[in-house]
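Student: Mind looking over this structure? Questions follow.
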Amino acid sequence: MGSTSTIVAEPEVDLQNALARPWNIIVWNDPINLMTYVTRVFMMVFGYSKEKSERLMMEVHSDGKSLVASGAREAMEQAVTQLHEYGLWATLEQAS
Amino acid sequence: MKVSKIRGGINLELLEGERDVLLQLIDDFREFVMSEDISDPAVARLFPDAYEGNEESAEFRKYSEPALREKKNRDSAYIRSCLGVAGVISIKEIEVDSWLRGINDLRLTLGTRLEVTGDEYGGEIPEDDPRSFLYSLYGWLGWLQGSLLEVEF
């Protein structure tokens, strides 16, 4: 006797891109943006907690860059536009 | 300059001289932000490439840059309108980010012109440097932005 399980479609989950290679947003270090500002931007654009935003900001600061988000291309392009509105230096690349 | 938290927002008090300088800078920026000369490092910093590849970047730029320019224009127009009213400037909580972005655009432009390298507030500049005023302005903008960021809601 095998086990059974069911799956129910969740409307908030976009299945269209489930099998595609995701796109990553990279934020690069720059000498102008204040550290507290970069933290604030991550909280505003991605809705991350202060702790997570600070961790990512420190990664940008000490490693020169950080992968801050990953997902479907269109959503990531929208987020990059928002980061550019805030003046962060952000780029997109497809996950390898 | 004095920043204080009030109910639902921030009060910003500027000295008359500070207000005049910020007004002038904002007006200059509103003209500058219309430039599409991407070979200018300050323009390139305000409107960065979104991809490493030139072709993808150009394609992305084609549809995103006009809206991005419009957004920067709106933020600076909003700051301009706040500065045009005499007395203490009241910034509503939901409008604080417009100020943060607008001041940041000024810092990015000025910082790129001054080729700042690391010190967040511009560092020590010899007084006889002809650009010492611009450095102190850059430092002051950082101080203003940092003060706005310290207010937690």
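The values are calculated or read from the model by the stated rules, or taken from the named source; none is laboratory data. All values derive from a computational prediction rather than experimental measurement. Cβ sites come from the backbone with ideal geometry, for glycine too, and all protein chains shown count toward neighbours.
Student: When only residues in the stretch B:58-99 that are basic (Lys, Arg) and in a helix (DSSP H, G or I) count, which is farthest from B:Val151 (Cα to Cα)?
Tutor: Per the criteria, the residue is B:Lys62.
Every residue, every condition in (1) closer than 29 Å to B:Glu55 by Cα; (2) among the basic types (Lys, Arg); (3) at pLDDT below 95, yes or no:
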{"residue": "A:Pro11", "(1), (2), (3)": "no, no, yes"}
{"residue": "A:Ala18", "(1), (2), (3)": "yes, no, yes"}
{"residue": "A:Arg21", "(1), (2), (3)": "yes, yes, yes"}
{"residue": "A:Arg40", "(1), (2), (3)": "no, yes, no"}
{"residue": "A:Ala95", "(1), (2), (3)": "yes, no, yes"}
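Student: Mind listing just one residue for me: the one in the stretch B:58-84 that is small (Gly, Ala, Ser) and surrounded by 17 or more Cβ atoms within 10 Å (Cβ to Cβ) and, of those, modelled with the lowest pLDDT?
Tutor: B:Ser64
Student: Next question. Given the criteria in contact with a helix residue (DSSP H, G or I) (Cβ under 8 Å, 6 or more places away or on another chain) and part of a helix (DSSP H, G or I), does B:Gly102 qualify?
Tutor: Against the criterion (in contact with a helix residue (DSSP H, G or I) (Cβ under 8 Å, 6 or more places away or on another chain) and part of a helix (DSSP H, G or I)), B:Gly102 qualifies.
Student: Regarding the stretch B:84-105, can at least one residue be identified that is facing chain A (nearest Cβ under 10 Å), hydrophobic (A, V, I, L, M, F, W, C) and touching a Lys or Arg at 6+ places or on another chain (Cβ under 8 Å)?
Tutor: For the stretch B:84-105, residues facing chain A (nearest Cβ under 10 Å), hydrophobic (A, V, I, L, M, F, W, C) and touching a Lys or Arg at 6+ places or on another chain (Cβ under 8 Å): present.
Student: Mind checking which pairs have a first residue in the stretch A:73-96 that is within 16 Å of A:Phe42 (Cα to Cα) and a second that is in a loop (DSSP other than H, G, I, E, B) and of a type in the set (D, E, K, R), Cβ under 6 Å, 6 or more apart or different chains?
Tutor: Note: pairs meeting the criteria are A:Trp89/A:Asp30.
Student: Of all the residues that make up the stretch B:32-57, how many are touching a residue at least 12 places away in the same chain (Cβ under 8 Å), exposed (fewer than 14 other Cβ atoms within 10 Å of the Cβ) and within 13 Å of another protein chain (Cβ to nearest Cβ)?
Tutor: Residues flagged as touching a residue at least 12 places away in the same chain (Cβ under 8 Å), exposed (fewer than 14 other Cβ atoms within 10 Å of the Cβ) and within 13 Å of another protein chain (Cβ to nearest Cβ) within the stretch B:32-57 amount to 1.
Student: Just the residues that are within 24 Å of B:Glu65 (Cβ to Cβ) and either free of Cβ contacts under 8 Å to residues at least 24 places away in the same chain or among the charged types (D, E, K, R) (or both), please, taken from the stretch A:41-72.
Tutor: The answer is A:Lys65, and nothing else.
Student: Collect the residues in the stretch B:39-91 that are among the hydroxyl-bearing types (Ser, Thr, Tyr) and within 15 Å of A:Val80 (Cβ to Cβ), keeping them in residue-number order.
Tutor: Those that are among the hydroxyl-bearing types (Ser, Thr, Tyr) and within 15 Å of A:Val80 (Cβ to Cβ): B:Tyr51, B:Ser57, B:Tyr63, B:Ser64.
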